[in-house]
Amino acid sequence: MKKTLIDNAWIVSPGYEEKCGAVLICGGRIESVIRNGEPRPSADEVKDAAGSLVVPGFIDIHTHGAMGEEVTGDNPSAVEIVAGAKLSEGCTLFAPTTLTLPEDILKRTAERVASYASSAKYANVIGLHLEGPYINPECLGAQNPDFVRPPDINEVKRISEVVRVTEVSFAVEKDPDSEFTRMCLEAGIVPSCGHSKAHYSDFSRAYHTGLRHLTHFCNQMTPLHHRDIGLVGAGLLHDDVVLELICDRVHLCDDMIRLVFARHPLSKICVITDSMMASHLPDGPSSLGGLDVIVKDGQARLTSNGALAGSVLRMNKALKNIRDVTGLPLQDIVRTTSLNQAVELGLDGELGRVAPGFDADLAMLDPESFDVLGVFVKGEDRSDRLM
């Protein structure tokens, strides 16, 4: 089998950092990681990283679109176009994320995701994240109120017959007996609370059933209050709950990012983009789920009421933002863009580390700007496909 050596690399992996190191790839996996000063093994191809960062390929578990396309939109090529944009952010894996829409559109989206997954040439897909339609109409954000409905596990299963559903974001107060939560867990689907006005007591009921995930933490959920700590308080109180964070410095202010990274275990933070179709495009008019959006100064907002409508964040810039805001070492925070997501998806031991035996899903970044210079997906150099 062909062997590829990435040399002169600044390797950063959870709990590990090595400047002027090298990574040997064989058969789609990492065969060895070579320290500075150690002899380099022979290889069929040598790629000079020239001092760039080599990190685990990013995994975005919450993204709606990019490059003018929405994964739930009408264009049959939308998933592939979004996958190309994700690759250009350093993502090697992503979960196309839906909106609050009718079942026929959700199933059509699932079919297109399955079709792309069968011959992916950009970032790979892990499955489908259903955000909605089982949300609280008082916490719509940029979701369409016309299609909000009660939790329906049979609908989820019908969609999952087309392509794997990895996560369902829903309002736990709409699942008063936690039956929907329980059945998601039994089906191997991550139940996540979002777009919710839940009291802490509502969360606690779902928590005791097994819910351990909060969608875009702090956004469209009950805030911390001294008489009812709500969902924000729940996330800060329970160290075993996974928090999705949109670290664009818009959805969360710098102080909130610092607070979460100081208070919550790093192993339970999943950085997401929640990107919409205007991501990778200049500011201007756009849309989300058929709702009019204006993007200005890097912020996407509904024209009707100014509510945030997803983001234009890219995963590589999210990592830089976290580094700049928190000052934490890269080898600590890099797990929040890859390893933690892999664990959530049941892929721990396969993805999320630059280490022997792991899949060779790698992103090469400029150490100053964090611009993406190259991407390997299961050992295949896809750098020539970057947009």
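Cys26 sits with roughly 20 Å² accessible to a 1.4 Å probe, with DNA, RNA and ligands left out of the calculation. For region 350-366 versus region 243-258, the inter-centroid distance based on Cα atoms is 26 Å.
Over all other residues within a Cβ to Cβ distance under 12 Å of Thr209, the charged ones net out to -2, with Lys and Arg as +1 and Asp and Glu as -1. Considering only alpha-carbon pairs that sit under 8 angstrom and 6 or more positions apart, the relative contact order computed for the chain is 21 percent. Of the GluC sites (Glu not before Pro) found in region 121-170, the ones in coil according to DSSP and having at most 12 other Cβ atoms within 10 Å of their Cβ are Glu161.
Take every DSSP beta bridge whose two residues both sit in region 11-164, then give the antiparallel share in percent to the nearest 5. Roughly 55 percent of the DSSP beta bridges within region 11-164 come out antiparallel. Counted by Cβ distance under 12 Å from Lys320, the other residues give a net charge of -2, where Lys and Arg count +1 and Asp and Glu count -1. Residue by residue, region 271-285 carries 3J(HN,Hα) couplings of 6, 10, 9, 6, 5, 10, 4, 7, 4, 6, 10, x, 4, x, x Hz when phi is fed to the Karplus relation 6.51 cos²θ - 1.76 cosθ + 1.60 (θ = phi - 60°); x denotes Gly or Pro. Among the GluC sites (Glu not before Pro) in region 1-100, none is located in a DSSP loop while being surrounded by at most 10 other Cβ atoms within 10 Å of its own Cβ.
Think of each Lys and Arg Cβ as +1 and each Asp and Glu Cβ as -1; about the Cα centre, that makes the dipole of the chain roughly 360 debye. Note that the chain presents 37 Å² accessible area per residue, ligands and nucleic acids not counted, probe 1.4 Å.
Extension gain, Asp74 to Ser383: 0.36 nm times the residue separation minus the Cα-Cα distance gives 108.4 nm. Over region 223-323, calculate the relative contact order: mean separation of alpha carbon pairs under 8 Å at least 6 apart, over the residue count, as a percent. Contact order relative to length: 24 percent. Between amide H atoms placed 1.01 Å from N, distances below 5 Å from His62 occur with Ala95, Thr273, Asp274, all of them 5 or more places distant or on a separate chain. Surface listing: Leu386, Leu237 arranged by accessible area from highest to lowest gives Leu237, Leu386, probe 1.4 Å. Given a Förster distance of 45 Å, report the FRET efficiency between Asp297 and Asp44 from their Cβ-Cβ distance, rounded to the nearest 0.05. Efficiency for this residue pair is about 0.45.
For region 301-387, with all protein chains in place and a probe radius of 1.4 Å, 45% of the accessible heavy-atom surface sits on carbon or sulfur.
Proximity of backbone amide H atoms, modeled 1.01 Å from N, is registered between Val46 and Leu5 at under 5 Å, excluding neighbours fewer than 5 places apart on the same chain.
Taking +1 at the Cβ of each Lys and Arg and -1 at the Cβ of each Asp and Glu, which of Ser88, Met276, Ser287 sits farthest along the dipole of the chain towards its positive end, judged by Cα position relative to the Cα centre? The one lying farthest along the dipole's positive direction is Ser88.
What whole number of Å gives the distance from the Cα centroid of region 119-186 to the Cα centroid of region 262-276? The distance from the Cα centre of region 262-276 to that of region 119-186 comes to 20 Å. In region 305-378, taking the dipole from charged Cβ atoms about the Cα centre, the farthest positive-side position among Asn305, Thr337, Pro356 is held by Asn305. Surface composition of region 82-173: carbon plus sulfur atoms contribute 46% of the solvent-accessible area (1.4 Å probe, protein chains only, all chains present).
When the solvent-accessible area of region 185-290 is split by element, carbon and sulfur atoms take up 55 percent of it, the probe being 1.4 Å. With 27 Å as the limit, the listed pairs Lys107/Lys317; Lys197/Lys296; Lys86/Lys268; Lys19/Lys317 have Lys107/Lys317; Lys197/Lys296 beyond it between alpha carbons.
So what does Val33 come to for accessible area, using a 1.4 Å probe and Å² rounded to 10? Result for Val33: roughly 40 Å² accessible.
Within region 175-228, the trypsin sites (Lys or Arg not before Pro) that combine a DSSP coil assignment with at most 13 other C-beta atoms in a 10 angstrom radius are Arg227.
Its Cα centre serving as origin, region 225-378 has a Cβ charge dipole (Lys and Arg +1, Asp and Glu -1) of approximately 180 debye.
The values are calculated or read from the model by the stated rules, or taken from the named source; none is laboratory data. A quick note: this is a predicted structure, and the numbers were derived from the prediction, not measured. Here the Cβ is made from the backbone with ideal geometry for all residues, glycine too, and neighbour counts use every protein chain on show. When the accessible area is computed, the model is the full protein with side chains, heavy atoms only, and any ligands, DNA or RNA have been set aside. Shrake-Rupley method; radii C 1.70, N 1.55, O 1.52, S 1.80 Å.
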